[in-house]
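The values are calculated or read from the model by the stated rules, or taken from the named source; none is laboratory data. It should be emphasised that the depicted structure is a prediction, and the values quoted were computed from it without experimental measurement. Here the Cβ positions follow ideal geometry from the backbone for every residue, glycine too, while neighbour counts run over all protein chains shown. Accessible surface is based on the protein model in full, side chains and every heavy atom, while ligands, DNA and RNA are left aside. Shrake-Rupley method; radii C 1.70, N 1.55, O 1.52, S 1.80 Å.
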Amino acid sequence: MDRSMPLVSEVGALNAQPNRILVAGVSGSGKSSLCRQLHIQLALPYVELDSLFHGPNWSVRTTFEAEVEQFISQDRWVLEWQYDRVRQRLLSRAELLIWLDYPLVVVMKRVIWRTIRRNMRREPLWNGNVEPPLWTILTNPEHIIRWAWRTRASYPGRIRRALADYPALPILRITDPREARRVLEALWSS
């Protein structure tokens, strides 16, 4: 990432407490976890975007875009910044974008362990879906671990485009999970 990219360096640089927050990052970086924490701490409405997107048998729900539009029409919310078909709409309403830009080893460790845990426990995910068998990482190019590996390098470009399209939108880049905890504390106290 270009160090000259104009990003907010700390929560204290924000002009006001944000009411509409997006959390960006590669699969496994902790977007949903941070969203849930912000939901609890700041009493921001939250819905996991994956639950709106994935229908039974991993189908795409036909109501996805309409439900996203309805959710972001509220005055306050927190959401993951994902799914190309709604990214621009999300940005157009956001007051803060938090970018979880963790080292590759952190992200891959998280996505691998999360996938194994969900698989072993047969954890129900969105709309009755469960992780596919672990061996499908070898045959399915869309397997979540392969997806995280393949898409990890796309975020700097996405952030640059967000800065270009929405220059007034503060973007807070977090490069270490400990920083995320400090950001939560700072937002809570602001």
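Computed quantities for the displayed model
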read-out: Degrees, to the nearest 10: 31-42 long Cα axis against longest axis of the chain; value: 50
read-out: Note, ³J(HN,Hα) from phi for the stretch 94-99, Karplus 6.51, -1.76, 1.60, rounded to Hz, x at Gly and Pro; value: 6, 10, 7, 10, 9, 9
read-out: Accessible area in square angstrom per residue, the stretch 84-141, 1.4 angstrom probe; value: 57
read-out: On Cα atoms only, tilt of 155-165 relative to the major axis of the chain in degrees; value: 40
read-out: Percent of C-alpha pairs per 10 Å bin, the chain, short to long; value: 9, 35, 38, 16, 2
read-out: Accessible surface of the chain [probe 1.4 Å, protein heavy atoms]: carbon and sulfur percent; value: 55
read-out: Positive-pole candidate from Val107, Pro133, Pro156, dipole of the chain, charges at beta carbon; value: Pro133
read-out: ³J(HN,Hα), Karplus 6.51/-1.76/1.60, whole Hz, each residue of the stretch 130-140, x for Gly, Pro; value: 10, 4, x, x, 4, 5, 5, 4, 7, 10, 10
read-out: Computed over the chain: relative contact order in percent, which uses C-alpha pairs under 8 Å that are six or more apart; value: 34
read-out: DSSP-defined beta bridges in the chain - what % are antiparallel, rounded to 5; value: 5
read-out: Nonlocal amide H pairs with Arg20, under 5 Å, H built at 1.01 Å; value: Trp77, Glu95, Leu96
read-out: Amide H contacts of Arg173 (H built 1.01 Å from N, under 5 Å, at least 5 apart or other chain); value: Val8, Trp99
read-out: Using a Förster distance of 35 Å, the FRET efficiency for Val60-Val105 (Cβ separation, nearest 0.05); value: 0.65
read-out: Per-peptide average of other Cβ atoms within 10 Å, ordering 55-66, 38-49, 155-166 highest first; value: 38-49, 155-166, 55-66
read-out: Helix axis angle, 104-121 relative to the chain longest principal axis, alpha carbon, degrees; value: 50
read-out: Length-normalised contact order for the stretch 16-79 - Cα pairs under 8 Å, 6+ apart - percent; value: 46
read-out: The stretch 133-190: C-alpha gyration tensor shape, a/c 1.5 cut-off, then a/b vs b/c; value: oblate
read-out: For the stretch 19-80: rounded, prolate or oblate by the Cα gyration tensor [a/c cutoff 1.5]; value: oblate
read-out: Most fluctuating residue given options Leu138, Leu34, Leu97, as computed from a GNM of the chain linking Cα atoms under 10 Å; value: Leu138
read-out: The stretch 145-152 - phi-based ³J(HN,Hα) in whole Hz, Karplus 6.51/-1.76/1.60, Gly and Pro as x; value: 5, 5, 4, 4, 5, 6, 9, 4
